[in-house]
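Report on the following structure.
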Amino acid sequence: QKEVEQDPGPLSVPEGAIVSLNCTYSNSAFQYFMWYRQYSRKGPELLMYTYSSGNKEDGRFTAQVDKSSKYISLFIRDSQPSDSATYLCAAPLFGNEKLTFGTGTRLTIIP
Amino acid sequence: EADIYQTPRYLVIGTGKKITLECSQTMGHDKMYWYQQDPGMELHLIHYSYGVNSTEKGDLSSESTVSRIRTEHFPLTLESARPSHTSQYLCASSEFGRGSHEQYFGPGTRLTVT
């Protein structure tokens, strides 16, 4: 079983819709979680990270962690065509250099 | 502007050739990383470095080697390229300490070995 699981999609939604991207994880030692956005032919860029259970908001983006069910989510409000990208969730192990990544969900926002 | 650079962006090369993928950062970061990414697959860490003269192997077995002679420079070398090395290679860097998990990535090098 992979430590971080993510539905690869692809996911297509109309512009303006609310997008929900999700990951599950199996390792209880993960303490915080990150979302990266990767445009085609580019490297991933850090979008958000969250340390604890609950919500963290940044503009149109909200990251949510539910440690009881080992479930992490990224919500995008008022989605724009420029949000079309692959979104990767990731989690580090404390004291470890490794970031464990999900496979990424490819998102397309249709104008 | 602080950034992380990779060259070349694309490389097509024949089997058996020696290649070096370049990575440089002006972020002032101590830690640097190399990842391998195949389509539809998660990123796999192949090498990392804590600083000058420090190199460590990551989770994914790789026939590549790395060096860290200068803080800002972390090249990856394949002594003899094979078709199985065809992949996207991503370089990243991060601060030391609490911010070390916030990794900043370069644009990647897409390598094709024929």
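The values are calculated or read from the model by the stated rules, or taken from the named source; none is laboratory data. What you see is a predicted model, and the numbers here were worked out from it, not measured in a lab. With ideal geometry, Cβ positions are generated from the backbone for all residues, glycine too; neighbour counts draw on all protein chains shown. What goes into the accessible areas is simple: the full protein's heavy atoms, side chains included, and nothing from ligands, DNA or RNA. Shrake-Rupley method; radii C 1.70, N 1.55, O 1.52, S 1.80 Å.
Counting only protein heavy atoms and a 1.4 Å probe, tell me what percentage of the protein assembly as shown's accessible area is made up of carbon and sulfur. Intermediate results must be reported in sequence, preceding the final value.
Details: 5390 of 10730 Å².
Carbon and sulfur: 50 percent of the exposed surface of the protein assembly as shown.
Anything losing 40 Å² or more of accessible area from the isolated chain to the full protein assembly: pick those residues out of region B:19-62, probe 1.4 Å, ligands and DNA/RNA ignored.
When all protein chains are present, B:42, B:43, B:59 each give up 40 Å² or more of accessible surface.
Rolling a 1.4 angstrom probe over the protein heavy atoms, how many square angstrom per residue are accessible across region A:4-110?
Working: 4830 Å² over 107 residues.
Per residue, region A:4-110 has an accessible area of 45 Å².
If you count, for every residue in A:41-48, the Cβ atoms of partner chains within 10 Å of its Cβ, what is the mean? The partial results should precede the final answer.
Details: counts 6, 5, 15, 10, 2, 7, 0, 0.
Average neighbour count from other chains, rounded to a whole number: 6.
Roughly how large is the A-B contact in terms of buried accessible area, totalled over both chains, probe 1.4 Å, nearest 100 Å²? Please report the intermediate quantities before stating the final value.
On the way: alone 6260 and 6380 Å², together 10730 Å².
So the total buried area for this chain pair works out to about 1900 Å².
Would you mind getting the accessible area per residue of chain B, heavy atoms of the protein chains only, 1.4 Å probe, in Å²? Let's see the in-between values first.
On the way: 5450 Å² over 114 residues.
On a per-residue basis, 48 Å².
What nm value, rounded to one decimal, do you get for the distance between residue B:9 and residue B:71 when each label is placed 7 Å out toward the C-beta?
2.9 nm
Share of Cα-Cα pairs in region B:4-113 beyond 25 Å, in percent?
Values: 844 of 5995 pairs.
Counting pairs separated by more than 25 Å, the tail of P(r) holds 14 percent.
Give the average over all directions of the projected area of the C-alpha convex hull of the protein assembly as shown, one decimal, in nm². Don't skip to the end; give the middle numbers.
Numbers: hull surface 50.3 nm².
Spelled out: convex hull of the Cα atoms, projected over all directions, averaged, 12.6 nm².
Among A:76, A:51, A:111, whose Cα projects farthest towards the positive end of the dipole of chain A, with charges put on the beta-carbon of Lys, Arg (+1) and Asp, Glu (-1)?
A:51
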